[in-house]
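For reference, the structure is listed below as C-alpha cells.
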Amino acid sequence: MNRYMSMAFELARMTAGQTGKNPAVGAVIVKEGKVIGMGAHLGYGKPHAERQAIASCSESTEGADIYVTLEPCSHYGKTPPCTEAIIEVGISRVFYAAKDLNPKVSGHQVLLDSGIHVAHTPDAIIDRFYAPFFKHLVSKRPNVTLKCATSLDGRLALDDGTSSWITGEAARSDVHNERHQHDAILVGGGTLLHDDPKLTARIEGGGDSPVPVILLGHGELSDDQMILRHPKRAIIYTTNEANLKYSENYDIRIGEWPLDAILEDLYAQGISSLFVEGGSTILTSFIKQQLYDRILIYIAPKIFGESRHTLYKEQFSSMEESVHLELIDVEKLGSDLKLTYGKA
Ligand code: AOF
Ligand code: ZN
C-alpha cells in the first residue's frame, strides 16, 4: 500500500466504530511531496473525510493530490458531495482504495468528467475493512455479532445458573472493545433481570457505549436497573404494557416482534452493527434463524460439567442438520481463547 494511503487508512481505522451506519474514511492531501492536510469522517451526519482534510490545509490545494480510503461521494446525503469540494479547491489527482458500492455514489466518473486524474488503487486489507459496511448496505439490517463466554466443555454457566467471571481480564477487556465497536448491544429479558448488566463499553480513556436493546418478552422492568444509568437511551421490545410507565427513560416498543422485524426496526434507527450478548435463548434464536454474521466464542480453561446452560438449546437428529460454521480467527487472550466464526 502506498504510504499516503496507508496514513489515510490509519485515520479510518482509528475512527472505526464511531461513524454508525456510515463507513469510517480517512483522507490525506499531498503537494510536492509534503503532507498539507488530513482528515477523517468523525461521526454519522458529520463532514466527510475529504472535506475535513481540505479544511485542515493551511496552504493552497491547487494542483495537490488526495488519497482517500473510499471512493469520494457524489450525492447529496446528510452532507454535500465530496466531489464538489475536491473540484472547487483545485485538487488535480485523486487516489482512492475501495469502490463505494452505495448505488448513489459515482464519484469516480464525476471527477473524471471534470478533468481530474482519478486512480482506483484497490487493496485487499482495505476492501476487507469495508466489507461489513457494504454488507448492511445491501441487507438493510445491522451486521450481527453473537458473543458468548464458555467453559472448555461449552457451557455458559454452572447448572445453578452461576456465570460470573468465566473468562479472565484480557478476554473481558476485548469484549469491551467489541462493545465500543458496535452501535448497539442486545440481551434478553432473562439476562437483564437476572444479571442486571451495565451494557457499557469500558475501554481505556472511556469508550463509546452501544445503545442497549432488550428483548424483554413479558418481563417487567424495575426502578433500580443498571441500564437506567446507561449513557444511551435503551430500546425495549416487550409484550407487557406495564412497562409503558418507563416511557420517559426508555424507548418502549410494545408487541410481538419477530427477530427479523426487530433488526429492520433497529436499522431504520441508524444501527448498523449489533452485538448480541445472550443468554442462551436469545443466542439460540439468532442462530436458528440464521440472523448473524459472526460468532465470537471466548473459551475459559474451565470444565463446568453437566449443566443445562448450553450455547444452543435445541437438539439435532442428524449431523447434517447441526449448525456448521467457518473458523475465521483464533486468538489467545491470557489463558482464554477467542474464536471468531462466520457462517460456513
Ligand atoms: C465519502 N467520504 O468520509 C464518507 C463517505 O449521509 P452522508 O452525506 O454522510 O453520506 C453517507 C454516504 O457517503 C455513505 O453511505 C457512503 O456511501 C459515503 N461515505 N463518502 O466520500 C466519507 N463517510
Ligand atoms: Zn463524501
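For region 320-326, 3J(HN,Hα) computed residue by residue from phi via the Karplus equation (6.51, -1.76, 1.60; θ = phi - 60°) reads 4, 6, 5, 7, 9, 10, 10 Hz, glycine and proline entered as x. Averaging over every viewing direction, what projected area does the convex hull of the Cα atoms of region 252-317 cover, in nm²? Across all orientations, region 252-317 yields a mean hull projection of 6.6 nm².
Equivalent ellipsoid of the chain: semi-axes from √(5λ) of the C-alpha gyration tensor, largest first, are 42, 22, 18 Å.
For the chain, the longest piece that avoids every one of the chymotrypsin sites (Phe, Trp or Tyr not before Pro) found in DSSP loops with at most 12 other C-beta atoms within 10 Å covers 166-315. Each principal axis of the Cα cloud of region 286-344 was taken in turn, and the coordinate range along them, longest first, works out to 35, 29, 19 Å. Here region 1-46 has an Rg and Dmax of 11.3, 36 Å, counting Cα atoms alone. 3J(HN,Hα) along region 164-180, derived from phi through the Karplus expression 6.51 cos²θ - 1.76 cosθ + 1.60 where θ = phi - 60°, amounts to 6, 6, 6, 9, x, 4, 5, 5, 5, 6, 5, 4, 5, 5, 5, 4, 4 Hz, with x in place of Gly and Pro.
So for region 235-344, averaging the separation of alpha carbon pairs under 8 Å that are six or more residues apart and normalising by length, what relative contact order in percent results? Kindly include the intermediate steps, with their values, before the conclusion.
Values: 106 pairs, mean separation 23.7, N = 110.
The value is 22 percent.
Restriction of the GluC sites (Glu not before Pro) in region 1-55 to DSSP coil positions whose beta-carbon has at most 11 other beta-carbons within 10 angstrom yields E32.
Computed from the Cα positions only, the extents of region 1-95 along the three principal axes stand at 35, 27, 21 Å, in decreasing order. Roughly how tilted is helix 124-139, in degrees to the nearest 10 and between 0 and 90, from the longest Cα axis of the chain? Taking Cα atoms only, the helix is inclined about 60 degrees. Computed log10 I(q)/I(0) for region 199-344 at 0.11, 0.12, 0.19 Å⁻¹: -0.55, -0.65, -1.38, from the Debye equation with unit scatterers placed on every C-alpha and solvent omitted. Amide H contacts under 5 Å for S272: K21, D183, restricted to partners 5 or more places along the chain or on a different chain, H placed in the peptide plane at 1.01 Å from N. Charged side chains reduced to their Cβ positions (Lys and Arg at +1, Asp and Glu at -1) give the chain a dipole of some 420 debye around its Cα centre.
For C73, the residues 5 or more places off, or on other chains, whose built amide H falls under 5 Å of its own are C82, T83. Here region 16-149 was treated as a single set of alpha-carbon atoms; its pair distances binned every 5 Å from 0 give 2, 11, 20, 24, 20, 12, 5, 3, 2, 1, 0 percent.
For a distance above 16 Å, tell me the whole-number percent of Cα pairs in region 113-239 that qualify.
Working: 5836 of 8001 pairs.
In whole percent, the long-distance tail amounts to 73.
Under the combined filter of DSSP loop state and at most 12 neighbouring Cβ atoms within 10 Å, region 255-287 retains these GluC sites (Glu not before Pro): E256.
Taking the Cβ of I227 as the center, what net charge do the other residues with Cβ under 13 Å away carry, scoring Lys and Arg +1 and Asp and Glu -1? Can you show the working numbers first?
On the way: positive: K198, R229, K232, R233; negative: D195, D196, D223, D224, D251, E277.
Surrounding charge for I227 is -2.
Restricting the calculation to alpha carbons of region 204-252 gives Rg and Dmax of 11.7, 39 angstrom.
No value in this document is a laboratory result; all are computed from the given coordinates. If you're wondering where the values come from, they're calculated on a predicted model, not measured in any experiment. Please note: Cβ atoms are built from the backbone with ideal geometry, for glycine as well, and neighbour counts cover all protein chains shown.
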